[in-house]
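Okay, so here's the structure we're looking at.
Read-outs throughout are calculated quantities, based only on the coordinates presented, and are distinct from any laboratory measurement. Note that the coordinates shown come from a computational prediction; the quantities given were computed from them, not determined experimentally. Here the Cβ positions follow ideal geometry from the backbone for every residue, glycine too, while neighbour counts run over all protein chains shown.
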């Protein structure tokens, strides 16, 4: 195993970098990951980075106080969740240019936040709703579980 915040490679070594659901798990935030990603990525390289999405349902639950207080004894730190604006700003602060961004995993984003849906999926025709949710572009866009960013180093 390697520490992805301190890779033993020269600057600009990689033309591609993939981080799928990793950066959000460091309690100090993703800054060390982003700094190292920028260092090891070649000037013409591309990085694909996914992080949890603060989707509509999650934002609503935050406003309604339906999540516990992070960092408490009953709820140790697990991960950060980001709005599109927030993570885009973090990328720009670390000299990345966003080529593309999209949300995915809408079905999981809804299922995890509305646990009662699991019972609906057990109904005889529940598979139809599940199939529709899994293929819904609208659901991915607004209630995706994750965001995928395709980025490159900003041109200076």
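Here are the numbers for the structure shown:
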quantity	calculated
Relative contact order (%) - criterion: Cα under 8 Å, at least six apart; region: the chain	30
Computed label-point distance, nm, for sites residue 4 and residue 138 using a 7 Å Cα→Cβ extension	3.4
Helix 31-40 vs. the chain, principal-axis angle (Cα, 0 to 90°, nearest 10)	50
Value of Rg to Rh for segment 95-142 (Rh from inverse mean 1/r over Cα pairs, i.e. Kirkwood)	1.16
GNM flexibility winner over the chain from 145, 25, 38 (Cα, springs under 10 Å)	25
Rounded to 10°, Cα long-axis angle of helix 84-93 versus longest principal axis of the chain	10
In nm, spacing of pseudo-spin labels at residue 22 and residue 123 (7 Å Cα→C-beta vector)	4.2
Distance in nm between pseudo-label sites at residue 97 and residue 46 (7 Å out along the Cβ direction from Cα)	1.4
Size of segment 24-156 as Cα extents on the principal axes (Å, biggest first)	56, 38, 21
Calculated on alpha-carbon atoms, Rg and Dmax of segment 1-100 in Å	15.4, 47
